[in-house]
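The values are calculated or read from the model by the stated rules, or taken from the named source; none is laboratory data. Note that the structure is predicted; figures quoted are calculated from it, not measured. FYI the Cβ positions are ideal-geometry reconstructions off the backbone, even for glycines, and counts take in every protein chain you see. Side chains are part of the model used for accessible areas, which takes the heavy atoms of the whole protein and leaves out ligands, DNA and RNA. Shrake-Rupley method; radii C 1.70, N 1.55, O 1.52, S 1.80 Å.
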Amino acid sequence: MTNLQSITPIQALQSSRNVADTMAGISAAGGQPSMFSQIFESMVNNVKETDAAKNEAYYALATGQLDNPAEATIAATQASLASDLLIQMRNRALDAYSELMRISL
């Protein structure tokens, strides 16, 4: 019998007060990382973790330690989705930056 991992619930990134402070530049001026950098840092870490889990599952499958080959497929899909999400967020951030640069003052 294999161990199943439960799906962790989605949690709020920051409270609305912290978001308003970050947008006003208060958090950035205090030397703390901004919400923007925290989001991207957590997404990059998620990609690294899911890729490591995928590699571990493939290694276990290749060495005969994995009883259920579907676990390797699930790990590969999770790694792929994490990478795709990071790429989409990067593209959206670049699009938003481009729009801001087009604004004339």
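Once the 1.4 Å probe is applied to the protein heavy atoms, segment 37-87 comes out at 65 Å² accessible per residue. Modelled spin labels at ARG90 and TYR58, positioned 7 Å past Cα toward Cβ, are 1.9 nm from each other.
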